[in-house]
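Student: One structure follows; several queries about it will come next.
The values are calculated or read from the model by the stated rules, or taken from the named source; none is laboratory data. This structure is a prediction, so every number in the text was calculated from the model and none was measured. Methodologically, a virtual Cβ is constructed for each residue, glycine included, from the backbone with ideal geometry; neighbour enumeration extends over all protein chains shown. For accessibility, only protein heavy atoms count, side chains too; no ligands or nucleic acids. Shrake-Rupley method; radii C 1.70, N 1.55, O 1.52, S 1.80 Å.
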Amino acid sequence: MKYDYKVAVIGAGSAGLVSSYIAAAVRAKVVLIEKHKMGGDCLNTGCVPSKALIRSAKMLSYAKRAKEFGFKSSTVEFDFAEVMERVQQVIAKIEPHDSVERYNSLGVECINGDAKIIGPHEIEVAGRKITTRNIIVATGASPLVPPITGLDKVKYLTSDNVWELRKLPRRLVVLGGGPIGSELAQCFSRFGSEVTQVEMLNSIIPREEDEAVELLSKKFESEGVKLLTSHKAKEIIIEGEEKILICEKDGKEVKVPFDEILLALGRRANIKGSGLEELGIKIRQNGTVDADPFLRTNIPSIYVCGDVTGPYQFTHTAGHQAWYAAVNALFSPFKKFKADYSVIPWCTFTDPEIARVGLSEKEAKEKNIPYEVTIYGIDDLDRAIADSEAHGFVKVLTKPASDKILGVTIAGTHAGDLIAEFVLAMKHGIGLNKILETIHIYPTLAEANKYAAGNWRKNHKPEWLMKLLGIFHYLRRKL
Ligand SMILES: Cc1cc2nc3c(=O)[nH]c(=O)nc-3n(C[C@H](O)[C@H](O)[C@H](O)COP(=O)(O)OP(=O)(O)OC[C@H]3O[C@@H](n4cnc5c(N)ncnc54)[C@H](O)[C@@H]3O)c2cc1C
């Protein structure tokens, strides 16, 4: 059978862009179909706008800390609408990287339209039917909107539409204590909103190490974010002009009045409308598309990558999976590669940043994996002290009696950048001894990694050798 294309990719977010790029790079005829904006969530409503907003909020937080840096005072006048316009300008600057023009120039044909898969090798889009040897589904995910009673009575915000705000909310409720909720809660609080963050579990960023949770929670509270953990959102009511969220805590009702409410309660895979269910593609209980380790669905010609399949929902994991989905689709049955999830890093871009790779202590305990813990406190680091950012830690889990790294959490300024050394180390089997042997520039934040390795070494120095050395030096002095 002849097909119009070797591969058709549905969705031009991080996963779809990388898949189509790879197909074009090896000269396969590829079409990329996007119904909304090229770049998907990451560029338009996710990573890029959130990091741009975080940057402006950070400038404000520095201004508030002027005295710490030796200034008498500092006041910043700003118009929130202009800050939000800057966010759009940042998106516009990055847009060309993901544009139709760029992808066309790379050899990818782009179609603007809502794609529906109508057969294992057939897609309907923009009033035409196209045939393809393989399909890669990269349709992403959308903010989860739970059935909270009364939610329909208010105009709620999600990560999709919060970027349209031009007026700073006076009182903002952020529902959800995960990374997205926490990043945005801190941002809006720094701009001056009265922020209440509501989380059903007993802490924010619950997946992370207890020390990181404690550090971040204290920072949030010191900056004025009201944390309502162990609070379950039950209902939204309107009393006169007032919008009120009703939560339940230990069986009691807690009322939280607000002007705007932002839902950051997780993300649901985009399945509906793309023909997957009608075709009998297996969907997991959590709503993501099921795939084998080669990222192939139960229909052999259809592959999947990115947020729509998970389990990780990050831009870098979407791109990572996209490589496997594309290569496996292009070269199967000659060669197949299992997606490698052994070393996955991520970062919550709050201040302080919380970055992680591999196991946390909680996970090691849950999985019964033996481990040792080494901690280095960044409060002791020369560069962090010079920068007035002397807080946080590097926490490393190692295999008992070995320098093999099982997992690392870094909390502190630029933690998301600092963790890269450990990601490389874990990926290539480099242990803490090798990190200790490596020269790190003085004075940098990166030295924290070396000092963590140094702490591990101190705890594992061979006592018999130390005793022997003591005797050797004693004798040399005496004889
Ligand atoms: C506020 C926020 C902050 C974030 N910050 C970070 C961060 O700092 N770092 C990080 O790594 N990740 C971050 N993420 C997550 C990251 O944005 C996602 O993991 C990533 O965008 C997933 O890429 P994707 O290609 O799987 O999906 P998407 O980017 O969602 O792309 C899917 C595309 O498919 C299109 N589509 C869907 N159905 C169809 C159809 N039937 N036909 C045609 N097109 C279709 C959609 O329009 C969309 O453009 C953040 C997310 C949010 C919301």
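Student: Provide a single number: the residues in segment 188-222 that are of a type in the set (A, V, I, L, M), open to solvent by 10 Å² or more (accessible area, probe 1.4 Å) and part of a helix (DSSP H, G or I).
Tutor: Number of matching residues: 2.
Student: Out of the residues in segment 87-100 that are open to solvent by less than 80 Å² (accessible area, probe 1.4 Å) and without any contact (Cβ under 8 Å) to a residue 40 or more places away in the chain, which is nearest to SER20 (Cα to Cα)?
Tutor: The extreme case among them is PRO96.
Student: Scan segment 449-479 for residues that are within 46 Å of the chain's Cα centre (by Cα), open to solvent by less than 50 Å² (accessible area, probe 1.4 Å) and without any contact (Cβ under 8 Å) to a residue 12 or more places away in the chain and report the count.
Tutor: The number of residues fulfilling the criteria is 1.
Student: Being outside any loop (DSSP other than H, G, I, E, B) and of a type in the set (S, T, N, Q) narrows it down to one residue among THR309, THR317; which is it?
Tutor: THR317
Student: Working only within segment 258-274, note down all residues that are open to solvent by 10 Å² or more (accessible area, probe 1.4 Å), in a strand (DSSP E or B) and either over 18 Å from GLY40 (Cβ atoms) or more than 12 Å from the ligand (Cβ to nearest atom) (or both).
Tutor: Hit for segment 258-274 is GLU260, nothing else.
Student: Looking at segment 70-83, is at least one residue within 16 Å of the ligand (Cβ to nearest atom) and farther than 19 Å from SER159 by Cα?
Tutor: no
Student: Within segment 1-37, take every residue that is open to solvent by less than 60 Å² (accessible area, probe 1.4 Å), hydroxyl-bearing (Ser, Thr, Tyr) and over 14 Å from VAL308 (Cβ atoms) and give me the one that is farthest from the chain's Cα centre (by Cα).
Tutor: Selected residue: TYR5.
Student: If you check TYR376 against the conditions, is it aromatic (Phe, Trp, Tyr), in contact (Cβ under 8 Å) with a residue 12 or more places away in the chain and buried (at least 19 other Cβ atoms within 10 Å of the Cβ)?
Tutor: It is true that TYR376 is aromatic (Phe, Trp, Tyr), in contact (Cβ under 8 Å) with a residue 12 or more places away in the chain and buried (at least 19 other Cβ atoms within 10 Å of the Cβ).
Student: Could you tell me whether segment 331-351 includes any residue that is on the phi > 0 side of the Ramachandran plot, at pLDDT 95 or above and either surrounded by 15 or more Cβ atoms within 10 Å (Cβ to Cβ) or not in a helix (DSSP H, G or I) (or both)?
Tutor: Checked segment 331-351: no residue is on the phi > 0 side of the Ramachandran plot, at pLDDT 95 or above and either surrounded by 15 or more Cβ atoms within 10 Å (Cβ to Cβ) or not in a helix (DSSP H, G or I) (or both).
Student: Oh, and also: In the set GLY11, GLY46, which member is near the ligand (Cβ under 6 Å from one of its atoms), under 18 Å from GLU124 (Cβ atoms) and out of contact with any Cys (no Cβ under 7 Å at 6 or more places or on another chain)?
Tutor: So the residue among GLY11, GLY46 that is near the ligand (Cβ under 6 Å from one of its atoms), under 18 Å from GLU124 (Cβ atoms) and out of contact with any Cys (no Cβ under 7 Å at 6 or more places or on another chain) is GLY11.
Student: Let me ask something additional. Please enumerate the residues belonging to segment 94-115 that are assigned to a strand (DSSP E or B), under 29 Å from the mean Cα position of the chain (by Cα) and not hydrophobic (A, V, I, L, M, F, W, C).
Tutor: ASN112, the sole residue that qualifies.
Student: With GLY46, GLY40, GLY70 as the choices, which residue is at positive phi and crowded, with 21+ Cβ neighbours inside 10 Å?
Tutor: Only one candidate qualifies: GLY40.
Student: Could you tell me whether segment 173-182 includes any residue that is among the hydroxyl-bearing types (Ser, Thr, Tyr) and open to solvent by 20 Å² or more (accessible area, probe 1.4 Å)?
Tutor: The answer is no, given that none of the residues of segment 173-182 is among the hydroxyl-bearing types (Ser, Thr, Tyr) and open to solvent by 20 Å² or more (accessible area, probe 1.4 Å).
Student: Among the residues of segment 156-184, what is the count of those that are part of a helix (DSSP H, G or I) and more than 12 Å from the ligand (Cβ to nearest atom)?
Tutor: Result for segment 156-184: 1.
Student: How about segment 369-457: which strands (runs of 3 or more DSSP E) wholly inside it have at least 2 residues that are touching a Pro at 6+ places or on another chain (Cβ under 7 Å) and either closer than 21 Å to SER342 by Cα or among the small types (Gly, Ala, Ser) (or both)?
Tutor: The qualifying strands (runs of 3 or more DSSP E) are 405-412.
Student: Identify, by number, the condition in (1) of a type outside the set (Lys, Arg); (2) part of a loop (DSSP other than H, G, I, E, B); (3) more than 22 Å from LEU43 (Cα to Cα); (4) open to solvent by less than 10 Å² (accessible area, probe 1.4 Å) that ASN328 doesn't meet.
Tutor: Among (1) of a type outside the set (Lys, Arg); (2) part of a loop (DSSP other than H, G, I, E, B); (3) more than 22 Å from LEU43 (Cα to Cα); (4) open to solvent by less than 10 Å² (accessible area, probe 1.4 Å), the lone unmet condition for ASN328 is (2).
Student: Identify, please: which residue in segment 101-123 is over 13 Å from VAL31 (Cα atoms) and within 14 Å of the ligand (Cβ to nearest atom) and is, among those, least open to solvent (accessible area, probe 1.4 Å)?
Tutor: Per the criteria, the residue is ILE117.
Student: Pull up segment 346-365, narrow it to residues that are out of contact with any strand residue (DSSP E or B) (no Cβ under 8 Å at 6 or more places or on another chain) and farther than 17 Å from ALA420 by Cα, then point me to the one that is nearest to the ligand (Cβ to nearest atom).
Tutor: Per the stated criteria, the residue is THR350.
Student: How about segment 391-414: which of its residues are open to solvent by 40 Å² or more (accessible area, probe 1.4 Å) and either touching a helix residue (DSSP H, G or I) at 6+ places or on another chain (Cβ under 8 Å) or basic (Lys, Arg) (or both)?
Tutor: HIS391, LYS399, LYS404
Student: If you don't mind, there's one more thing I want to ask. Before we move on, is LEU32 over 26 Å from ARG296 (Cβ atoms) and either within 16 Å of the ligand (Cβ to nearest atom) or touching a Pro at 6+ places or on another chain (Cβ under 9 Å) (or both)?
Tutor: Spelling it out, it is not the case that LEU32 is over 26 Å from ARG296 (Cβ atoms) and either within 16 Å of the ligand (Cβ to nearest atom) or touching a Pro at 6+ places or on another chain (Cβ under 9 Å) (or both).
Student: Still on this structure, please answer the following. Is it the case that segment 13-29 has a residue that's over 23 Å from PHE331 (Cβ atoms) and either touching a helix residue (DSSP H, G or I) at 6+ places or on another chain (Cβ under 6 Å) or touching a residue at least 24 places away in the same chain (Cβ under 8 Å) (or both)?
Tutor: Within segment 13-29 (the criterion being over 23 Å from PHE331 (Cβ atoms) and either touching a helix residue (DSSP H, G or I) at 6+ places or on another chain (Cβ under 6 Å) or touching a residue at least 24 places away in the same chain (Cβ under 8 Å) (or both)), the answer is yes, since at least one residue qualifies.
Student: Determine, yes or no, whether ALA355 is open to solvent by less than 20 Å² (accessible area, probe 1.4 Å), of a type in the set (A, V, I, L, M), at pLDDT 95 or above and farther than 30 Å from HIS440 by Cα.
Tutor: no
Student: Let me ask another. Return the pairs, sorted by first residue and then second, in which the second residue is within 16 Å of the ligand (Cβ to nearest atom) and in a strand (DSSP E or B), the first residue lies in segment 129-153 and is of a type in the set (Lys, Arg) and open to solvent by 50 Å² or more (accessible area, probe 1.4 Å), the beta carbons are less than 9 Å apart, and the residues are 6+ apart or on different chains.
Tutor: Qualifying pairs under 9 Å: LYS129/ILE118; LYS129/GLU122; LYS129/ILE123; ARG133/TYR5; ARG133/VAL7; ARG133/ALA8.
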